[in-house]
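Some notes on the structure that comes next.
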Amino acid sequence: MAASISSYDENWFPDGTGLNDSLYDVLIAFQNNGLEGSHPNNTGGFYGGGSFSGTSYSYVDASLGFAFQATGDLNYYFPPLNGNVGDGPTSHTLWGSIDSITLGGGLNSDGSVADAFITFTFDEAITGDVSEGRTNDVHDVIWGLMNGSVVGADDSIGTGTNGGLVQALIDNGLDVDASIASLVGTASATDADLALAA
């Protein structure tokens with residue numbers, strides 16, 4: 001399994017960060033500079049499917065400018081209105097698979113991130129089955145981002161977290177302590193540095 005940075009735009013990096021910063025530091029800066037979640041008032045939405053499933057799930061907080069999109073085969077388990085689910089899956093569980101995650105600000109009408117600063121692609125999808133309930137990795141990553149954390153977030157029933165997006169990247173072989181420049185094979189000098197040296 002492997003994760004990679006499939007695209008980035010340094011123009012949209014969180015203030016004070018750039019390609020020479022570690023991936024972890026950039027993600028934490030993104031979290032601290034406006035990732036604050038607004039769930040449950042904001043539920044995000046599915047694209048490329050129905051009300052509770054799709055080929056992508058997108059979330060935006062217009063007041064903060066924060067947005068993300070997860071692509072794959074994504075589903076939301078919402079129990080019958082009478083709440084009679086017996087010993088079945090845990091209600092309000094996201095599950096399925098995640099092929100990529102894009103972070104940035106604003107959403108386009110198709111659910112893509114308008115001002116994307118980074119996209120992560122997984123060569124083998126992150127998966128989670130509805131039978132695992134809220135402990136599955138798909139739920140953990142998306143729930144964390146919806147609730148203002150790149151390292152996961154607990155929920156109202158005390159499910160805990162597997163480490164959110166950061167742990168998913170680590171589990172898929174991405175060195176979050178490495179500079180983004182080294183992860184994408186870009187020279188560590190920025191265009192501005194080169195201009196100053198000329």
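The values are calculated or read from the model by the stated rules, or taken from the named source; none is laboratory data. These numbers come from a predicted model, not from an experiment. Glycine also receives a Cβ, built like all others from the backbone with ideal geometry; neighbour counts cover every protein chain displayed. Side chains are part of the model used for accessible areas, which takes the heavy atoms of the whole protein and leaves out ligands, DNA and RNA. Shrake-Rupley method; radii C 1.70, N 1.55, O 1.52, S 1.80 Å.
Please verify whether Ser97 is within 23 Å of Tyr77 (Cα to Cα) and surrounded by fewer than 16 Cβ atoms within 10 Å (Cβ to Cβ), treating the condition exactly as stated.
Values: within 23 Å of Tyr77 (Cα to Cα): yes; surrounded by fewer than 16 Cβ atoms within 10 Å (Cβ to Cβ): no.
Against the criterion (within 23 Å of Tyr77 (Cα to Cα) and surrounded by fewer than 16 Cβ atoms within 10 Å (Cβ to Cβ)), Ser97 does not qualify.
In the condition set (1) out of contact with any helix residue (DSSP H, G or I) (no Cβ under 9 Å at 6 or more places or on another chain); (2) more than 22 Å from Asn75 (Cα to Cα); (3) at pLDDT 90 or above; (4) surrounded by 16 or more Cβ atoms within 10 Å (Cβ to Cβ), Asp9 is compliant with all but (4). The C-beta contact set for region 103-129 (first residue of a type in the set (Lys, Arg) and in a loop (DSSP other than H, G, I, E, B), second residue modelled with pLDDT of 95 or more and buried (at least 20 other Cβ atoms within 10 Å of the Cβ), distance under 8 angstrom, 6+ apart or interchain) is empty.
Return yes or no: is Glu132 among the charged types (D, E, K, R), surrounded by fewer than 21 Cβ atoms within 10 Å (Cβ to Cβ), more than 24 Å from Ile28 (Cα to Cα) and in contact (Cβ under 8 Å) with a residue 60 or more places away in the chain? Write out each step before concluding.
On the way: among the charged types (D, E, K, R): yes; surrounded by fewer than 21 Cβ atoms within 10 Å (Cβ to Cβ): yes; more than 24 Å from Ile28 (Cα to Cα): yes; in contact (Cβ under 8 Å) with a residue 60 or more places away in the chain: no.
Criteria not met by Glu132.
Contact map, region 158-173: first residue on the phi > 0 side of the Ramachandran plot, second residue open to solvent by less than 40 Å² (accessible area, probe 1.4 Å) and assigned to a helix (DSSP H, G or I), Cβ cut-off under 7 Å, separation 6 or more or different chains; pairs are Gly164/Asp140; Gly164/Val141; Gly164/Gly144.
Kindly indicate whether any position in region 139-146 is touching a residue at least 12 places away in the same chain (Cβ under 8 Å), in contact with an Asp or Glu (Cβ under 6 Å, 6 or more places away or on another chain) and open to solvent by 10 Å² or more (accessible area, probe 1.4 Å). No, region 139-146 contains no residue that is touching a residue at least 12 places away in the same chain (Cβ under 8 Å), in contact with an Asp or Glu (Cβ under 6 Å, 6 or more places away or on another chain) and open to solvent by 10 Å² or more (accessible area, probe 1.4 Å).
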